[in-house]
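Report on one structure; see the data block that follows.
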Amino acid sequence: QVQLVESGGGLVRPGGSLRLSCVASGSVMFIARGWYRQAPGNERELVASMTSDGTTNYADSVADRFTISIDYAKNTVSLQMNSLKSEDTAVYYCYVKRAMTNREYWGQGTQVTVSS
(Lines give C-alpha, C1' and ligand atoms only; values in the text may rest on other atoms or scores of the structure.)
Protein backbone atom coordinates (compact mmCIF):
# COMPACT_ATOMS: atom_id res chain seq x y z
CA GLN A 1 0.00 0.00 0.00
CA VAL A 2 1.27 3.46 -0.91
CA GLN A 3 0.30 6.59 0.95
CA LEU A 4 1.05 10.10 -0.22
CA VAL A 5 1.28 13.09 2.11
CA GLU A 6 1.26 16.55 0.58
CA SER A 7 2.35 19.83 2.07
CA GLY A 8 3.12 23.38 1.08
CA GLY A 9 -0.20 24.80 -0.08
CA GLY A 10 -1.58 28.10 1.14
CA LEU A 11 -2.48 31.66 0.28
CA VAL A 12 -0.09 33.75 -1.79
CA ARG A 13 -0.29 37.05 -3.61
CA PRO A 14 -0.07 37.23 -7.41
CA GLY A 15 3.54 37.06 -8.47
CA GLY A 16 4.53 35.09 -5.42
CA SER A 17 5.93 31.59 -5.05
CA LEU A 18 5.02 28.36 -3.33
CA ARG A 19 6.64 24.96 -3.13
CA LEU A 20 4.51 21.84 -2.87
CA SER A 21 5.95 18.57 -1.64
CA CYS A 22 4.61 15.04 -1.62
CA VAL A 23 6.19 12.22 0.35
CA ALA A 24 5.42 8.63 -0.61
CA SER A 25 5.44 5.89 1.99
CA GLY A 26 6.87 2.45 1.39
CA SER A 27 9.74 1.09 -0.65
CA VAL A 28 8.00 0.94 -3.98
CA MET A 29 9.36 1.71 -7.43
CA PHE A 30 7.44 4.32 -9.37
CA ILE A 31 7.53 4.89 -13.09
CA ALA A 32 5.94 8.33 -12.95
CA ARG A 33 5.14 11.03 -10.44
CA GLY A 34 3.44 14.34 -10.83
CA TRP A 35 0.87 16.93 -9.95
CA TYR A 36 -2.66 17.59 -11.11
CA ARG A 37 -4.95 20.41 -10.09
CA GLN A 38 -8.66 21.04 -10.03
CA ALA A 39 -10.32 24.42 -9.79
CA PRO A 40 -14.01 24.78 -8.88
CA GLY A 41 -16.19 23.90 -11.84
CA ASN A 42 -13.26 22.56 -13.84
CA GLU A 43 -11.97 19.11 -14.61
CA ARG A 44 -8.79 17.86 -13.03
CA GLU A 45 -5.86 18.74 -15.26
CA LEU A 46 -2.23 17.73 -15.45
CA VAL A 47 0.17 20.38 -14.17
CA ALA A 48 3.50 18.57 -14.37
CA SER A 49 4.87 15.06 -14.42
CA MET A 50 8.19 13.27 -14.47
CA THR A 51 8.89 9.69 -15.52
CA SER A 52 11.59 7.46 -14.10
CA ASP A 53 13.91 8.30 -16.99
CA GLY A 54 13.69 11.99 -16.15
CA THR A 55 11.31 13.01 -18.91
CA THR A 56 9.14 15.92 -17.83
CA ASN A 57 5.81 17.15 -19.11
CA TYR A 58 4.20 20.47 -18.23
CA ALA A 59 0.89 22.10 -18.96
CA ASP A 60 1.44 24.96 -21.41
CA SER A 61 0.06 27.44 -18.89
CA VAL A 62 2.78 26.68 -16.32
CA ALA A 63 5.77 25.54 -18.38
CA ASP A 64 7.79 28.71 -17.88
CA ARG A 65 6.86 29.17 -14.22
CA PHE A 66 6.69 25.78 -12.51
CA THR A 67 9.39 23.16 -12.01
CA ILE A 68 8.91 19.56 -10.94
CA SER A 69 11.67 17.68 -9.16
CA ILE A 70 12.18 14.37 -7.38
CA ASP A 71 14.33 13.64 -4.36
CA TYR A 72 14.76 9.87 -4.53
CA ALA A 73 16.52 9.68 -1.18
CA LYS A 74 13.50 11.23 0.51
CA ASN A 75 10.96 9.62 -1.86
CA THR A 76 9.54 13.08 -2.46
CA VAL A 77 8.22 14.84 -5.53
CA SER A 78 8.08 18.61 -5.37
CA LEU A 79 6.57 21.38 -7.44
CA GLN A 80 8.19 24.80 -7.33
CA MET A 81 5.65 27.37 -8.43
CA ASN A 82 6.84 30.88 -9.31
CA SER A 83 5.09 33.95 -10.68
CA LEU A 84 1.77 32.63 -9.48
CA LYS A 85 -1.41 33.95 -11.03
CA SER A 86 -4.99 33.98 -9.84
CA GLU A 87 -5.82 31.32 -12.40
CA ASP A 88 -3.43 28.95 -10.62
CA THR A 89 -5.88 28.81 -7.73
CA ALA A 90 -6.95 25.19 -7.31
CA VAL A 91 -6.61 22.09 -5.22
CA TYR A 92 -3.35 20.42 -6.18
CA TYR A 93 -3.07 16.63 -6.10
CA CYS A 94 0.09 14.58 -6.07
CA TYR A 95 0.08 11.27 -7.88
CA VAL A 96 2.43 8.38 -8.48
CA LYS A 97 2.26 5.44 -10.86
CA ARG A 98 3.64 2.21 -9.55
CA ALA A 99 5.99 0.09 -11.64
CA MET A 100 4.85 -3.38 -12.75
CA THR A 101 1.18 -2.79 -11.90
CA ASN A 102 0.78 0.74 -13.33
CA ARG A 103 -1.54 1.40 -10.43
CA GLU A 104 -1.95 5.08 -9.59
CA TYR A 105 -2.09 6.54 -6.13
CA TRP A 106 -3.31 10.00 -5.20
CA GLY A 107 -2.69 12.40 -2.38
CA GLN A 108 -5.48 14.06 -0.44
CA GLY A 109 -5.00 17.41 -2.16
CA THR A 110 -3.65 20.73 -0.96
CA GLN A 111 -5.30 24.09 -1.56
CA VAL A 112 -3.39 26.80 -3.38
CA THR A 113 -5.04 30.21 -3.43
CA VAL A 114 -3.54 33.12 -5.34
CA SER A 115 -5.20 36.36 -4.37
CA SER A 116 -4.35 39.91 -3.41
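Taking 0.36 nm per residue of separation and subtracting the current Cα-Cα distance, fully stretching the chain between residue 19 and residue 115 would add 32.9 nm. The phi torsions of segment 13-29, fed into the Karplus equation with coefficients 6.51, -1.76 and 1.60 and a -60° offset, translate into couplings of 7, x, x, x, 10, 9, 10, 9, 10, 9, 9, 9, 8, x, 9, 10, 8 Hz, rounded to whole numbers, with Gly and Pro shown as x.
Mean-square fluctuations from a GNM of the chain, with a 10 angstrom spring cutoff on Cα atoms, peak among 41, 54, 26 at 41. Size descriptors for segment 55-113 (Cα atoms only): Rg and Dmax, in that order, 12.9, 39 Å.
Here the calculated FRET efficiency for residue 7 and residue 28, from their Cβ-Cβ distance with R0 = 25 Å, stands at 0.80, rounded to the nearest 0.05.
Over segment 10-74, accessible surface divided per residue gives 58 Å², non-protein components excluded, 1.4 Å probe. Find out how many positive minus negative residues lie around residue 30, taking Lys and Arg as positive, Asp and Glu as negative, among other residues whose Cβ is under 11 Å from that of residue 30. Value of the local net charge: +3.
Among the trypsin sites (Lys or Arg not before Pro) in segment 1-84, those located in a DSSP loop and surrounded by at most 12 other Cβ atoms within 10 Å of their own Cβ are 74. Normalised by the number of residues in segment 15-58, the mean separation of alpha-carbon contacts (under 8 Å, six or more apart) gives a relative contact order of 28 percent. Here the label points at residue 46 and residue 63, each 7 Å from Cα along the C-beta direction, are separated by 1.3 nm in the simple model. Charge tally for residue 77 (other residues, Cβ to Cβ under 12 Å; Lys, Arg +1; Asp, Glu -1): +2.
With Rh defined as the Kirkwood radius, the inverse of the mean 1/r over Cα pairs, the Rg/Rh of the chain is 0.96.
The values are calculated or read from the model by the stated rules, or taken from the named source; none is laboratory data. None of the values given here were measured: they were computed from a predicted structure. No Cβ is skipped: glycine too gets one built from the backbone with ideal geometry, and neighbour counts run over all protein chains shown. When the accessible area is computed, the model is the full protein with side chains, heavy atoms only, and any ligands, DNA or RNA have been set aside. Shrake-Rupley method; radii C 1.70, N 1.55, O 1.52, S 1.80 Å.
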